[in-house]
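The values are calculated or read from the model by the stated rules, or taken from the named source; none is laboratory data. Quick caveat: nothing in here was measured; it's all calculated off a predicted structure. Note that we place each Cβ from the backbone using ideal geometry, even for glycine, and neighbour counts take in every protein chain shown. For the accessible areas, the whole protein counts, side chains as well, though only heavy atoms, and no ligand, DNA or RNA atoms are used. Shrake-Rupley method; radii C 1.70, N 1.55, O 1.52, S 1.80 Å.
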2 protein chains.
Amino acid sequence: MLTTAERLFSNDWDAIRRIIEDGNRFLLTTHVMADPDALGSELALAEGLRCIGKNPVLINPTPVGANVQFLDSSHEVQVFHAGLDCSTFDAVFILDISRWERLGALSDPIRLCGKPKICIDHHPYTGGYADHHLVNTNACASAEIVYDLLNYMAIPINERIAECLYASILADTGSFSFSNTNARSHKIAAELLNKGVPHRQIHEKLFQNHGAKRLQFMGKVLSGLQFDCDQKLAWMTISHDFLQENGMTFEEAEGFVDMPRNCRSVLLSIMFLEVEPGDIKISLRAKGDFNCNQLATIFGGGGHNHASGIRMLGTMQEVEHLVLTEARKALQPFLNLTQSI
Amino acid sequence: MLTTAERLFSNDWDAIRRIIEDGNRFLLTTHVMADPDALGSELALAEGLRCIGKNPVLINPTPVGANVQFLDSSHEVQVFHAGLDCSTFDAVFILDISRWERLGALSDPIRLCGKPKICIDHHPYTGGYADHHLVNTNACASAEIVYDLLNYMAIPINERIAECLYASILADTGSFSFSNTNARSHKIAAELLNKGVPHRQIHEKLFQNHGAKRLQFMGKVLSGLQFDCDQKLAWMTISHDFLQENGMTFEEAEGFVDMPRNCRSVLLSIMFLEVEPGDIKISLRAKGDFNCNQLATIFGGGGHNHASGIRMLGTMQEVEHLVLTEARKALQPFLNLTQSI
């Protein structure tokens with residue numbers, strides 16, 4: 001048995017291969033509100049296991065979202081129900097799990113099931129209760145690690161696996177534009193496209209699948225964009241009333257916060273989104289050397305260096321004041337720097 | 001000497017290699033208002049020629065634009081001046097040239113220079129006055145053909161060449177999202193990133209280099225977006241007055257027309273942009289099976305199936321009426337189709 005420290009730094013390829021070879025019925029799961037990488041990694045691993053005669057069962061803490069339903073067109077993924085007995089599985093694979101509480105209602109049943117638990121992830125690992133790990137923060141997506149595992153097990157990548165892995169990588173690299181993209185991301189993408197993946201359709205389904213009214217709404221939000229700190233700070237505000245006036249759900253504002261990063265001056269973009277009256281979701285996006293995760297941490301939030309989130313209760317005015325004050329402080333060291341681009 | 005028909009369908013690898021080997025001083029050029037692929041291909045070929053001791057001279061019909069200046073930071077590219085004697089070069093390389101009139105003022109001097117002319121392009125070829133051709137419409141960018149030529153000549157790809165080729169491919173594939181992307185695009189990108197290309201910085205310079213005010217302006221334009229034909233048609237209108245009120249140049253509206261394609265319903269997006277009073281630039285973008293080039297051709301415009309342009313004189317009202325009437329007709333066969341995505 002590995003110590004916790006060893007677990008954090010070792011990858012258990014061989015132990016995991018033996019678990020797969022010796023078992024039959026495997027539980028596969030991922031975090032609440034599975035994003036394309038979470039779901040794509042899960043579905044790709046399931047298909048790989050089926051290809052070698054195993055019996056994967058996919059159970060997630062929350063239903064598959066409308067935006068990624070196309071990946072699970074045959075409804076492989078079930079939603080967790082309270083009666084589930086995790087001890088009936090030979091092992092549990094937990095994919096793309098940055099924090100264990102993100103397993104939601106599945107957290108305790110998995111923790112207590114007494115079966116081998118395998119964590120496959122590309123997020124910075126902060127410990128958890130898995131017995132075996134495939135953690136690689138250099139991987140552009142969890143799907144890259146699933147790809148490595150399938151290769152390690154000599155399981156051929158068929159078109160279905162390729163489609164799921166490609167969607168994962170496409171989404172998590174922002175179509176090969178984010179800093180996690182590297183030569184290997186492209187090398188794997190080339191191999192996946194050679195399997196016949198309909199890449200253009202996947203791109204449309206992931207990025208070009210918005211309702212028409214959303215674009216007009218985005219226009220209204222962006223026309224009210226505010227700037228400060230030599231235009232290094234940009235922020236937008238969407239009150240609950242404004243959502244209702246425009247007949248939009250808060251989910252439809254997803255992605256708006258990314259847009260100010262297209263301005264060359266902007267290092268930090270913030271979206272204040274009032275999900276319910278008095279309940280404000282704050283999304284942060286950064287560029288270059290600015291780390292928005294540190295800012296999010298001040299208010300109990302977190303995430304990645306360039307993409308973080310906070311949730312706060314209060315009026316929009318109060319929350320904006322608190323967060324913008326700290327944002328301005330954090331941007332001070334960047335104010336006199338020459339633009340690098 | 002090849003006949004015109006043979007020229008259209010043959011690639012003259014060996015003849016071109018001999019011209020390079022036997023010559024020394026080469027003129028390299030491309031079309032007016034060089035885009036990243038035009039400029040990147042030109043700069044990459046120049047660097048490749050320098051690597052084997054040749055003397056490339058880069059002269060374009062128009063100055064390098066601000067958005068691509070970063071690729072030509074040492075100002076290699078000169079602007080054509082009337083006294084230029086093209087007969088002093090051993091051969092002329094013409095890159096990314098879809099229509100020969102797009103050589104602008106350089107067209108006649110090159111046509112009449114009496115030296116071998118080599119056309120390198122990925123656009124559908126409609127004939128011209130080159131003596132030798134490397135034309136491949138399956139290439140995602142002209143840069144891919146330059147890459148092939150350098151390999152054919154056994155000229156190693158150094159970091160500078162890789163940077164120029166990568167910027168070209170990144171721009172012309174829309175960050176590996178357009179339908180011209182394929183396995184080979186990714187394979188080449190992997191090789192170029194392995195040469196040390198700072199891909200994230202190039203992405204920022206190409207796609208995240210807008211002024212802050214432009215985003216607010218885009219917001220205003222998008223909030224006035226109009227839809228018709230079951231939301232399969234979207235259009236936006238930017239009058240010259242509106243540009244002036246917002247303190248924007250017409251160049252700053254570039255790219256707005258792409259955004260409605262992110263709506264799942266939209267098959268055709270049109271932007272009416274009044275460049276000068278009474279002079280209207282119409283940009284068309286299509287998705288799926290809709291071909292906007294046919295529509296553009298009705299009004300003397302043209303381009304690709306999914307991206308075309310028209311230029312018309314008249315009032316905004318007149319021009320909108322004419323183009324939208326034909327657009328509605330062209331969309332008729334698509335109105336009763338179920339959404340494919």
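Okay, here's what the table says:
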item: Strands (runs of 3 or more DSSP E) contained in segment B:225-303 and holding at least 2 residues of a type in the set (Asp, Glu); result: B:268-276
item: Scope segment A:82-95; condition modelled with pLDDT under 95 and outside any helix (DSSP H, G or I); matching residues; result: A:Ala82, A:Gly83, A:Leu84, A:Asp85
item: Any hit, segment B:16-25, residues being at pLDDT 95 or above, surrounded by 14 or more Cβ atoms within 10 Å (Cβ to Cβ) and basic (Lys, Arg); result: yes
item: Residue among A:Ser223, A:Ser283 that alone is closer than 24 Å to B:Cys263 by Cα and buried (at least 22 other Cβ atoms within 10 Å of the Cβ); result: A:Ser283
item: Residue list for segment B:291-313, restricted to those being crowded, with 22+ Cβ neighbours inside 10 Å and more than 19 Å from the chain's Cα centre (by Cα); result: B:Leu295
item: Residue satisfying all of: in segment B:96-106; surrounded by fewer than 17 Cβ atoms within 10 Å (Cβ to Cβ) and modelled with pLDDT of 90 or more; nearest to B:Gly303 (Cα to Cα) among these; result: B:Gly104
item: Candidate set: segment B:248-274, residues that are open to solvent by 10 Å² or more (accessible area, probe 1.4 Å) and among the aliphatic types (A, V, I, L, M); chosen: the one nearest to B:Thr325 (Cα to Cα); result: B:Leu267
item: A:Pro109 being over 22 Å from the mean Cα position of the chain (by Cα), in the same structural domain as A:Leu165 (by TED's automatic domain parsing), farther than 26 Å from A:Thr173 by Cα and in a strand (DSSP E or B); result: no
item: Test: residue in segment B:225-232 that is more than 7 Å from chain A (Cβ to nearest Cβ) and either aliphatic (A, V, I, L, M) or closer than 16 Å to A:Ser185 by Cβ (or both); result: no
item: Single match in A:Leu222, A:Leu268 (criterion: facing another protein chain (nearest Cβ under 9 Å), modelled with pLDDT of 95 or more, within 21 Å of B:Phe207 (Cα to Cα) and touching a Leu at 6+ places or on another chain (Cβ under 6 Å)); result: A:Leu222
item: Filter pass, A:Gly53 being in a loop (DSSP other than H, G, I, E, B), over 17 Å from the mean Cα position of the chain (by Cα) and closer than 21 Å to A:Arg17 by Cβ; result: yes
item: Segment A:96-106, subset part of a loop (DSSP other than H, G, I, E, B) and not basic (Lys, Arg), residue nearest to A:Glu42 (Cα to Cα); result: A:Asp96
item: Sole exception among (1) more than 8 Å from chain B (Cβ to nearest Cβ); (2) at pLDDT below 95; (3) closer than 21 Å to B:Thr173 by Cα; (4) assigned to a helix (DSSP H, G or I) for A:Lys213, by number; result: (3)
item: Which numbered condition A:Ser87 fails, given (1) free of Cβ contacts under 8 Å to residues at least 40 places away in the same chain; (2) open to solvent by less than 60 Å² (accessible area, probe 1.4 Å); (3) out of contact with any Cys (no Cβ under 6 Å at 6 or more places or on another chain); result: (3)
item: Residue in segment A:185-201 that is within 8 Å of chain B (Cβ to nearest Cβ) and over 23 Å from B:Phe176 (Cα atoms) present; result: no
item: Candidate set: segment B:109-162, residues that are open to solvent by 10 Å² or more (accessible area, probe 1.4 Å) and among the β-branched types (Val, Ile, Thr); chosen: the one farthest from B:Phe178 (Cα to Cα); result: B:Ile157
item: Qualifying residue in segment A:159-175 (condition: within 7 Å of chain B (Cβ to nearest Cβ) and free of Cβ contacts under 8 Å to residues at least 12 places away in the same chain); result: no
